[in-house]
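Q: One structure is given below, represented as structure tokens, and several questions about it will come after.
The values are calculated or read from the model by the stated rules, or taken from the named source; none is laboratory data. Model, not experiment: these values are computed from the prediction. Please note: Cβ atoms are built from the backbone with ideal geometry, for glycine as well, and neighbour counts cover all protein chains shown. Ligands, DNA and RNA are stripped out before the accessible areas are found, and what is left, the full protein with its side chains, is counted by its heavy atoms. Shrake-Rupley method; radii C 1.70, N 1.55, O 1.52, S 1.80 Å.
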Amino acid sequence: MKRPTVADLAHHAGVSIATVNRLLHGSATVKPSTVERIIEAANEIGFYGLQTLKSRKKDHLPSVRFGFLMQQKHRPIYQLWAQGVVDASLSSLSANIEPRVRFEENLAPDVIAASLKTLAKEVDAVAVITADHPLISQAIDELRTQGIPVIAYISDLSAANRAGFVGTDNWKAGRTAAWFLTQLTAFKGNICPLIGSHRYQCQDIADASFRSYAREHAPESTVHETLLTHEIPENAYTQVKRLLKQDPNLTGLYVNGGGISGVLQARSELSKRRQQELKIICRDLGPQTRRGIAEGHIMAAFPHPVQRISEELIDVMLTLVQGHNPIGIQQRLVPFEVITPESIWN
């Protein structure tokens, strides 16, 4: 069978031979829609230069800059999410994306608001992980007037002018955590949720739904007041240590936020029998959580799926910047994962 020629490809794609040659040799700009048509035709007829055409496609894509404002760089979970958005940006087939990641160590609302406005000067759109606060909402309002969309990532915000939200269904996450914990404890003993901050909507909503499930299905168990850790392991250790001393019937902990290493340390200081009685579940899957699950110290985690949630975020940001669907708040809910000692992949 005769190998398809450039002329055959041009005929099949409905373009001129010169257009195909321009794309093959990268000598001039070709409209993205035309590039797609040529690549599709090349695939259909088995054109020998298909891979070259695909590589040239990136040269004809629009270029954008996306900013990602993360929290404290020393925390592995933010490093994980940051790498996820960088990978998703660089692998996009819809645009040439330059990702700019910024970490903010100081989590004071005025500092986050200032960092958000500074980063927005360098990019076409911004995604931010932050606690909810009026000062941050005000900064988002200002950026909206400047034409810079701000997308809440992982944890939603109350800012009316945010352009979108990409995360998981935190109401379901909290109720799922309560279901797991009550099953693991056989509805015996008392349970306690821990939270990093009530200003993180993802944590606050999950905390409320955790309690909702427990009220409905485990009325015989006492659910302690939520322990506030500020995502600091030392705080988590101190609070769990004190609670264990106060309540000998404590059988379950839901770590909804940071501080898991402190919780595990407090557990390790118990007797072997008491360690087996105390069931721990948590939310995100950083290195310490992964190790704790693999070793059987943590019974389950319900993390954000890094790759998929990052890809959804990039898609939302492109949609907003390219104006394909600019009306209304863009919302993408991605199913959270369920990881146990028997399913974890090391």
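Q: Scanning the range 300-322 for residues that are hydrophobic (A, V, I, L, M, F, W, C) and over 25 Å from residue 195 (Cβ atoms), which turns out most open to solvent (accessible area, probe 1.4 Å)?
A: 321
A quick yes/no check of all residues on (1) within 20 Å of the chain's Cα centre (by Cα); (2) assigned to a strand (DSSP E or B); (3) within 17 Å of residue 284 (Cα to Cα); (4) among the charged types (D, E, K, R):
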| residue | (1), (2), (3), (4) |
| --- | --- |
| 194 | no, yes, yes, no |
| 205 | yes, no, yes, no |
| 242 | no, no, no, yes |
| 252 | no, yes, no, no |
| 255 | yes, yes, yes, no |
| 264 | no, no, yes, no |
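Q: Here's something else I'd like to know. Here's a check for you: in the range 195-232, which residue that is crowded, with 18+ Cβ neighbours inside 10 Å, over 22 Å from residue 182 (Cα atoms) and out of contact with any Asp or Glu (no Cβ under 9 Å at 6 or more places or on another chain) is modelled with the highest pLDDT?
A: Taking the candidates together, the pick is 229.
Q: Sticking with this structure for a sec: Within the range 271-286, does at least one residue satisfy the condition of being basic (Lys, Arg) and in contact (Cβ under 8 Å) with a residue 40 or more places away in the chain?
A: Yes - at least one qualifying residue is present in the range 271-286.
Q: Related question: For the range 168-192, which residues satisfy the criterion of being part of a helix (DSSP H, G or I), of a type outside the set (Gly, Ala, Ser) and out of contact with any His (no Cβ under 7 Å at 6 or more places or on another chain)?
A: Correct list: 170, 171, 172, 175, 176, 179, 180, 181, 183, 184.
Q: Do the conditions hold for residue 309, that is, is it among the β-branched types (Val, Ile, Thr), within 30 Å of residue 87 (Cα to Cα) and at pLDDT 95 or above?
A: yes
Q: Another one. Restricted to the range 266-299, and to residues that are open to solvent by less than 20 Å² (accessible area, probe 1.4 Å) and within 16 Å of residue 239 (Cβ to Cβ), which residue is nearest to the chain's Cα centre (by Cα)?
A: Residue satisfying both the conditions and the ranking: 282.
Q: Looking at 151, 112, 140, 136, can you tell me which residue is crowded, with 19+ Cβ neighbours inside 10 Å, assigned to a helix (DSSP H, G or I), in contact (Cβ under 8 Å) with a residue 40 or more places away in the chain and β-branched (Val, Ile, Thr)? Walk me through how you get there before you give the answer.
A: Working: 151 fails: assigned to a helix (DSSP H, G or I); 140 fails: in contact (Cβ under 8 Å) with a residue 40 or more places away in the chain; 136 fails: in contact (Cβ under 8 Å) with a residue 40 or more places away in the chain.
None of the others qualify; the one that does is 112.
Q: Condition test on residue 84, is it at positive phi, in contact (Cβ under 8 Å) with a residue 24 or more places away in the chain and not acidic (Asp, Glu)?
A: No.
Q: Here is a check on your reading of the model: is residue 158 assigned to a loop (DSSP other than H, G, I, E, B) and open to solvent by 10 Å² or more (accessible area, probe 1.4 Å)?
A: yes
For every residue, the table says whether it meets (1) aromatic (Phe, Trp, Tyr); (2) more than 21 Å from residue 172 (Cβ to Cβ); (3) at pLDDT below 95.
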site	(1), (2), (3)
291	no, yes, yes
313	no, no, no
323	no, yes, yes
331	no, no, yes
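Q: Further, regarding this structure: Determine which member of the set 117, 73 is open to solvent by 30 Å² or more (accessible area, probe 1.4 Å), over 21 Å from residue 311 (Cα atoms) and part of a loop (DSSP other than H, G, I, E, B).
A: After ruling out the rest, the residue left standing is 73.
Q: Is one or more of the residues making up the range 111-129 closer than 15 Å to residue 283 by Cβ, modelled with pLDDT of 95 or more and either among the acidic types (Asp, Glu) or under 17 Å from the mean Cα position of the chain (by Cα) (or both)? So that I can check it myself, show each step before the final result.
A: Of all residues in the range 111-129, those closer than 15 Å to residue 283 by Cβ come to 129.
Among the residues that remain, those that are also modelled with pLDDT of 95 or more are: 129.
From what's left, either among the acidic types (Asp, Glu) or under 17 Å from the mean Cα position of the chain (by Cα) (or both): 129.
Taking every residue of the range 111-129 in turn, at least one turns out to be closer than 15 Å to residue 283 by Cβ, modelled with pLDDT of 95 or more and either among the acidic types (Asp, Glu) or under 17 Å from the mean Cα position of the chain (by Cα) (or both).
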